[in-house]
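The values are calculated or read from the model by the stated rules, or taken from the named source; none is laboratory data. What you see is a predicted model; the values in this text were computed from it and never measured. When we count neighbours, we look across all protein chains shown, and the Cβ atoms used for this are built from the backbone with ideal geometry, even at glycine. All accessible areas refer to the heavy atoms of the entire protein, side chains included, with ligands and DNA or RNA removed. Shrake-Rupley method; radii C 1.70, N 1.55, O 1.52, S 1.80 Å.
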Amino acid sequence: MAKISKIKRYRCADCGTISLTWTGRCQTCGAWGTLYEEEEGASGSPKAQAKKLSLSEVGEVRRFSSKITELDRVLGGGWVEGAVVLLSGEPGVGKSTLLLQSAIAMAEEGKKVLYVSGEESASQVASRAKRLGAEDGSLFLLCTDDIDEALSAAEDVEFLFVDSVQTMRDKNESGWPGSPLQVRLTAQRCIELAKSRAIPCVLVGHITKSGQIAGPKLLEHMVDVVMYFGGDRSSRYRMLSAEKNRFANADEVGIFEMTERGLVPVFDPGRMFWNETSLKEAGVAMGVVLEGSRPLVAEFQALASSTPFMYPRRTSRGIDLNKLHLLLAVLEKRAGLISKNCDVYVNVVGGLTTKDPGADLAICMSIASTLLDRPLPKECCFVGEVGLAGEVRPVARTALRIKEAERMGFEKIAVSRYEKCERSGKIRQIEVESLIEAVRMMFP
């Protein structure tokens with residue numbers, strides 16, 4: 001028998017970097033106090049034999065419906081057998097409500113579902129389940145922070161929900177619940193159970209004040225799906241998006257409305273993010289943004305006011321602040337609209353947050369409107385990406401955006417001259433080549 005030697009080494013619980021010596025600070029990620037000791041067995045183990053990939057032996061992915069249409073849209077058709085899903089979001093946004101609704105619906109269909117709560121008592125979960133319309137005895141509930149107890153109770157279930165992974169603890173290891181080591185260990189235990197028994201497992205994850213998922217970054221690499229549930233706290237609408245999905249497209253977005261009976265899917269979100277008011281004020285422009293495969297008409301509002309201070313203020317809500325700085329620079333250099341003596345505020349109505357480059361032209365036109373103090377025509381909307389040279393570039397799925405704009409009652413839509421889409425319907429397409437051409441056309 002080959003002799004086995006034990007080698008001491010230290011692994012960072014935050015980033016997973018291995019070091020042969022202990023230091024107080026990880027040399028890779030800079031985190032303090034995250035190195036823990038582990039032993040590695042070095043032996044003459046037999047080499048693994050690689051084999052050719054046989055696609056005929058690969059079966060289809062088996063899915064189970066979550067019984068919530070918008071959740072199924074983001075997942076790509078439902079929960080996947082043996083997959084581990086991490087759901088994160090702000091406190092109080094509705095993560096537990098969403099998962100409890102899905103758990104109740106599947107339990108009432110005859111599935112054996114276990115809901116593990118490490119944050120709330122049984123009476124609190126039961127009260128929420130009653131408000132959501134659950135039937136008596138349809139769902140298995142366990143309130144504990146011991147991962148061993150949770151996994152023991154999950155030996156014969158078909159679905160497992162853990163709320164949340166930051167509250168669970170492996171009592172055989174050191175560290176408090178929520179520490180990087182405990183989060184990694186408890187997540188690994190849940191993943192092993194899901195893969196060995198081929199059951200879907202959903203983990204709720206807390207986020208930090210910077211918006212990142214609490215715990216080691218390794219957690220996001222370990223799971224199969226990472227979803228984010230968010231929305232403006234002052235709005236009744238919530239948006240579910242996937243940042244990672246090994247089984248489907250990660251670009252889909254689900255939209256919900258928070259009601260007294262829980263979260264209700266929004267099937268037609270066309271008029272969620274714009275206000276059909278009769279007021280005709282400067283600084284308002286309409287655009288069509290793409291969230292996943294779904295086009296949404298969004299209202300962009302801008303306000304420019306003179307400032308007596310040396311450094312004007314720039315504030316954005318719903319778009320990236322760096323994007324606002326870039327577009328202001330392009331407007332000044334390419335269109336001659338100077339804003340260096342003004343405070344500029346930009347807002348996307350309804351709490352929508354978008355990174356779609358197709359919104360650039362609408363944002364620029366709203367800023368141009370407020371700088372010139374001249375309103376834009378209400379029957380016109382804008383679609384296009386604005387480059388640093390001031391050109392208006394084509395964007396993805398313009399034909400779908402034009403169709404949505406026509407459905408919402410717009411008569412004209414400004415698009416890039418380089419778009420290669422056929423003219424159809426009653427809506428009039430206004431082709432523009434540059435930002436200065438669009439400004440001169442809208443403000444003759």
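Summary of computed values
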quantity	calculated
Selected residue [within 26 Å of the chain's Cα centre (by Cα), at pLDDT 90 or above and more than 27 Å from Phe443 (Cα to Cα)] from Leu324, Leu263, Leu296, Leu352	Leu263
Residue in region 369-387 that is at pLDDT 95 or above and among the basic types (Lys, Arg) present	yes
Long-range neighbours under 6 Å by Cβ, at least six apart or interchain, first residue without any contact (Cβ under 8 Å) to a residue 24 or more places away in the chain and open to solvent by less than 40 Å² (accessible area, probe 1.4 Å) within region 163-189, second in a helix (DSSP H, G or I) and among the hydroxyl-bearing types (Ser, Thr, Tyr)	Asp170/Thr186
Pair list, Cβ under 8 Å, 6 or more apart: region 321-344 residue of a type in the set (A, V, I, L, M, F, W, C), other residue open to solvent by 60 Å² or more (accessible area, probe 1.4 Å)	Leu326/Leu388; Val330/Leu388; Leu337/Leu372; Ile338/Glu332; Cys342/Ser306; Val344/Leu303; Val344/Arg313
Selection from region 295-343 of residues that are of a type in the set (S, T, N, Q) and within 22 Å of Val383 (Cβ to Cβ)	Gln301, Ser316, Asn322
Close pairs (7 angstrom Cβ cut-off, 6 or more residues apart or separate chains): in the same structural domain as Leu98 (by the TED database) in region 118-140, polar (S, T, N, Q) anywhere	Gly118/Thr144; Gly118/Ser164; Gly118/Thr167; Glu119/Ser164; Glu119/Thr167; Val125/Ser117; Arg128/Thr97; Leu132/Gln101
Every residue from region 105-118 that is in contact with a Lys or Arg (Cβ under 9 Å, 6 or more places away or on another chain) and either assigned to a loop (DSSP other than H, G, I, E, B) or modelled with pLDDT of 95 or more (or both)	Glu109, Gly118
Top-ranked residue in region 354-378 [being assigned to a loop (DSSP other than H, G, I, E, B) and either in contact (Cβ under 8 Å) with a residue 60 or more places away in the chain or in the same structural domain as Gly254 (by the TED database) (or both); ranked as farthest from Gln301 (Cα to Cα)]	Asp356
Among residues of region 400-424, those that are in a helix (DSSP H, G or I) and open to solvent by 60 Å² or more (accessible area, probe 1.4 Å), counted	3
Residue in region 243-260 that is nearest to the chain's Cα centre (by Cα), counting only those that are of a type in the set (S, T, N, Q) and under 22 Å from Val84 (Cβ atoms)	Asn245
Qualifying residue in region 35-52 (condition: modelled with pLDDT of 80 or more, closer than 16 Å to Arg184 by Cβ and open to solvent by less than 60 Å² (accessible area, probe 1.4 Å))	yes
In region 1-32, residue modelled with the lowest pLDDT [restricted to those that are open to solvent by less than 70 Å² (accessible area, probe 1.4 Å) and out of contact with any strand residue (DSSP E or B) (no Cβ under 8 Å at 6 or more places or on another chain)]	Ala2
Number of the exception - Glu220 against (1) in a helix (DSSP H, G or I); (2) of a type in the set (D, E, K, R); (3) out of contact with any strand residue (DSSP E or B) (no Cβ under 8 Å at 6 or more places or on another chain)	(3)
Every residue from region 320-371 that is among the hydroxyl-bearing types (Ser, Thr, Tyr), open to solvent by 60 Å² or more (accessible area, probe 1.4 Å) and more than 21 Å from Met310 (Cα to Cα)	Thr353
Residues satisfying the stated conditions in region 277-318, i.e. among the charged types (D, E, K, R) and under 21 Å from Glu404 (Cα atoms)	Glu291, Arg294, Glu299
Test result for Arg317, in the same structural domain as Cys342 (by the TED database), more than 30 Å from Glu60 (Cα to Cα), at pLDDT below 95 and open to solvent by 40 Å² or more (accessible area, probe 1.4 Å)	yes
